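See structure below.
The values are calculated or read from the model by the stated rules, or taken from the named source; none is laboratory data. If you're wondering where the values come from, they're calculated on a predicted model, not measured in any experiment. Using ideal geometry, Cβ is built from the backbone for each residue, glycine included, and neighbour counts are taken over all protein chains shown. The area values use the complete protein model at the heavy-atom level, side chains included, leaving out ligands, DNA and RNA. Shrake-Rupley method; radii C 1.70, N 1.55, O 1.52, S 1.80 Å.
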Amino acid sequence: MAPWWEGAVLYQIYPRSFQDSNGDGIGDLAGIVRRLDHLAWLGVDALWLNPTYPSADADWGYDVVDYTDVHPDLGTLTDLDRLIAEASARGIRILLDLVPGHTSDRHPWFRTRRDWYTWVAGAESPNDWLCGSAASAWTHDPTCGRSYLHTFRPEQPDLNWWSEEVREEFDRILAYWFARGVAGFRIDAAARVVKSRDLAAPAAGPWLRPPPDLAEVHAVLRRWRNVAERYGDRLLLGQTWIEDAGGLSAFFGENDELHIVHPFALSVSQLYALVLHEIVGSVEASLQGRGSAAWQASSHDVIRFPTRWGAGDERRTRAALMLLLGLRGTVILYYGDEIGMSQTNVPARRARDHWGRDGCRTPMQWADVPGGGFTDPDVEPWLPLGDLRVNVESQRDDPASTLSLCRDLIALRRQLPELATGCYEPIKAPPGVWACRRGERVVVVANLSGAATRLTGVEGTVRLATERARDGEIVKGALRLEPWEAVVVAD
Ligand code: BGC
C-alpha cells in the first residue's frame, strides 16, 4: 500500500496567527483545535505546524529553548496531545517542525554543553562564511574569549552535529514526539545540518553560508529514518535546495533517508509558464524517477503567492491554485492560500520579524468582523489584520469562490489519482500557457497570460475549471482559454 503522504495535501499553520482561543491576540493550539472542522471540510491530509517549542522569539520559534515542550504563548503539552487526538479523529495528521541546525542562545545547552556547539579561539572569523544577515557567521563570546558558529542570527548558535551526544539527543527528541503521536517532521535545512569540519572549505551557495559535510548529512538522515521506522508510517519531509550537491534524489538514500524533499524554488519564482516548467522539470529530473517533492507557493518565509503572482487579480490566484494542486507529489498550502489571502502591509511600528517577513504571517482571515474571527473584537492581534474582505465565512457557501475551488481541487486529487501521483510530462503550448499531461489521462492547462489562447490536441471532459460554468464541458481537440483561465481535463 502506498504511504499516506503520497500525493497528499499538507496545510501549513503558523500557530501564532491561526486562531486565538484565550483573547491574548496570539493564536494557540486550542485555537487550531477549534478550527479543525474547517480543515477537515477542506480535505487536507495533515497539518505542518511551524515550531511550537518554547522559544526566545528572536526568530519566532526557530530559536528553540526546549525541544520537548510547548511555547507557553501557544498552550501546553496537554493542548498538543489534544490537538493530535482531535485531528486524528478527523483523519488529519500532525507534523511538527524540527529545527536541528541551531538552538537559541538561551537554550540551557548553550551554557551547560558548550561542546555541543562549534567554537574557534579568539574574536577573528576563521573564514568567510556568512550568516543570514550577510555578516560573519561567527560571533565572539566575551565570557569565554572564543567565537561560535551561527548560520542564522547570533541568537541562534549552530549545533555541532559532529558530536555523538547531539545525535543521540535528537534521536531521543524524535522518539519522544513520535511516541506522543506526531506523524512526522518538516525538517528545517535538512540538507545542511552537519557543517564542514574544514574551516578552510569555501562558503556554500549564493548566500555564502557555512558549507555542509554531505557524507555526514546523509549519516544523520539515516539515523533519523531509523528512529522514524520504529514508529511505523512517520514522515520525514526535509527542506532541501535544488542546487544541493548530488541532486535531490540523493536525499532519499537507499530508501533510508528522507521520504520527501522540499525544494524552495517555486516559493520564490515568477508566474511565467516557461520559468515554472523549468523549475518543475529540473526538480523532476533531479529526482531521477525516485520519490517525490513537496510543492509550495506561499510560506512563512516568502511573499504570499496571491500577491507575488496575482498582483491582486483573483483570476491569477485561481489559476495558480489549479497549477499548484495539479502537480505531482505533495502539495503544501500555507494557511489562507485557500481563500487567496494576500500579503499584508505591516507598518514599521508593528513589525515583529527582523527579516521583514511579517506581511505573510498576519492572522488568518475568518470573517469580516472586528478581530477577523481570529481574536476577540476588542483585542489587538500580535500582528495587524489584513484585508478582511477576503475571508472564509463569505466564501464558504459560495460555489464560485476561491475556497470552493480549492476544496474541489483537493477532492479531485483523490478522485483522479493521476493528478496527485501521475507522471509529469510538459505539453507544447502557446507562449504563456502552462500545460502538462499527468499520467495517462489527465491534462492540466493554465493560461498564465492576459490574452485569450487556444491549445489543440486536448480531448476529454473538463473536470474542474477556474471559470466554474465550464465544469463538465466536453473538449474535442481544441481548448479555448480566456486570460488567466485554467482547467483540468480528463478523458
Ligand atoms: C525557516 C525560517 C527560519 C530559518 C532559521 C528556515 O528554514 O523556514 O523561518 O528563520 O530557517 O531557523
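Total residues in region 466-491 satisfying the condition of being part of a strand (DSSP E or B) and without any contact (Cβ under 8 Å) to a residue 24 or more places away in the chain: the figure is 4. Just name the residue that is nearest to Tyr53 (Cα to Cα) out of those in region 112-122 that are in contact with an Asp or Glu (Cβ under 9 Å, 6 or more places away or on another chain) and not aromatic (Phe, Trp, Tyr). If we take residues in region 112-122 being in contact with an Asp or Glu (Cβ under 9 Å, 6 or more places away or on another chain) and not aromatic (Phe, Trp, Tyr), then Arg113 is nearest to Tyr53 (Cα to Cα).
When you go through Thr139, Thr112 one by one, which is the residue that is surrounded by fewer than 16 Cβ atoms within 10 Å (Cβ to Cβ), of a type in the set (Ser, Thr, Tyr) and outside the structural domain of Pro54 (by TED's automatic domain parsing)? The unique qualifying residue is Thr112.
Yes/no per residue for (1) buried (at least 23 other Cβ atoms within 10 Å of the Cβ); (2) under 14 Å from the mean Cα position of the chain (by Cα):
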site: Ala2; (1), (2): no, no
site: Gln19; (1), (2): yes, no
site: Gly23; (1), (2): no, no
site: Asp28; (1), (2): yes, no
site: His38; (1), (2): no, no
site: Leu49; (1), (2): yes, yes
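Output the residue which, of all residues in region 92-106 that are of a type outside the set (Asp, Glu) and open to solvent by 10 Å² or more (accessible area, probe 1.4 Å), is farthest from the ligand (Cβ to nearest atom). Filtering region 92-106 for residues that are of a type outside the set (Asp, Glu) and open to solvent by 10 Å² or more (accessible area, probe 1.4 Å), the one farthest from the ligand (Cβ to nearest atom) comes out as Arg93. Go through region 149-162 and give me each residue that's more than 16 Å from the ligand (Cβ to nearest atom) and either open to solvent by less than 20 Å² (accessible area, probe 1.4 Å) or among the aromatic types (Phe, Trp, Tyr) (or both). Listed by number, the list holds a single entry, Trp162.
Tallying residues that are assigned to a loop (DSSP other than H, G, I, E, B), within 14 Å of Asp337 (Cα to Cα) and hydrophobic (A, V, I, L, M, F, W, C) within region 389-410 yields 1. Yes or no: Glu278 away from the ligand (no atom under 16 Å from the Cβ) and farther than 23 Å from Val489 by Cβ? For Glu278, the condition - away from the ligand (no atom under 16 Å from the Cβ) and farther than 23 Å from Val489 by Cβ - is met.
Which one of these is touching a residue at least 40 places away in the same chain (Cβ under 8 Å), surrounded by fewer than 18 Cβ atoms within 10 Å (Cβ to Cβ) and closer than 30 Å to Pro3 by Cβ: Thr78, Thr68? The unique qualifying residue is Thr68.
Just give me the residues in region 92-109 being acidic (Asp, Glu) and assigned to a loop (DSSP other than H, G, I, E, B), in sequence order. Asp105, the sole residue that qualifies.
Among the residues making up region 444-454, those that are within 20 Å of Cys423 (Cβ to Cβ) and either touching a residue at least 60 places away in the same chain (Cβ under 8 Å) or open to solvent by 10 Å² or more (accessible area, probe 1.4 Å) (or both) are Val444, Ala446. Please specify each residue of region 411-456 satisfying the condition of being of a type in the set (Ser, Thr, Tyr) and assigned to a strand (DSSP E or B). Scanning region 411-456 gives Tyr424, Thr453, Thr456.
Conditions (1) closer than 30 Å to Ala85 by Cβ; (2) within 16 Å of the ligand (Cβ to nearest atom), marked per residue:
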residue: Arg113; (1), (2): no, no
residue: Pro126; (1), (2): no, no
residue: Ser133; (1), (2): no, yes
residue: Glu168; (1), (2): yes, no
residue: Ala179; (1), (2): yes, no
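One residue stands out in region 184-193 among those that are within 16 Å of the ligand (Cβ to nearest atom) and either open to solvent by less than 10 Å² (accessible area, probe 1.4 Å) or not assigned by TED's automatic domain parsing to the domain that holds Glu229 (or both): the one that is nearest to the chain's Cα centre (by Cα), namely Arg186.
Of the strands (runs of 3 or more DSSP E) lying entirely inside region 231-348, those containing at least 3 residues that are not small (Gly, Ala, Ser) span 235-239, 260-262, 330-334. I'd like to check something: does region 424-432 contain any residue that is farther than 23 Å from Val275 by Cα, open to solvent by less than 40 Å² (accessible area, probe 1.4 Å) and within 28 Å of the chain's Cα centre (by Cα)? No, region 424-432 contains no residue that is farther than 23 Å from Val275 by Cα, open to solvent by less than 40 Å² (accessible area, probe 1.4 Å) and within 28 Å of the chain's Cα centre (by Cα).
Among the criteria (1) in the same structural domain as His262 (by TED's automatic domain parsing); (2) open to solvent by 30 Å² or more (accessible area, probe 1.4 Å), the one Phe178 does not fulfil is (2). Being within 16 Å of the ligand (Cβ to nearest atom) and either open to solvent by 40 Å² or more (accessible area, probe 1.4 Å) or farther than 21 Å from Asp97 by Cβ (or both) is a description that does not apply to Glu216.
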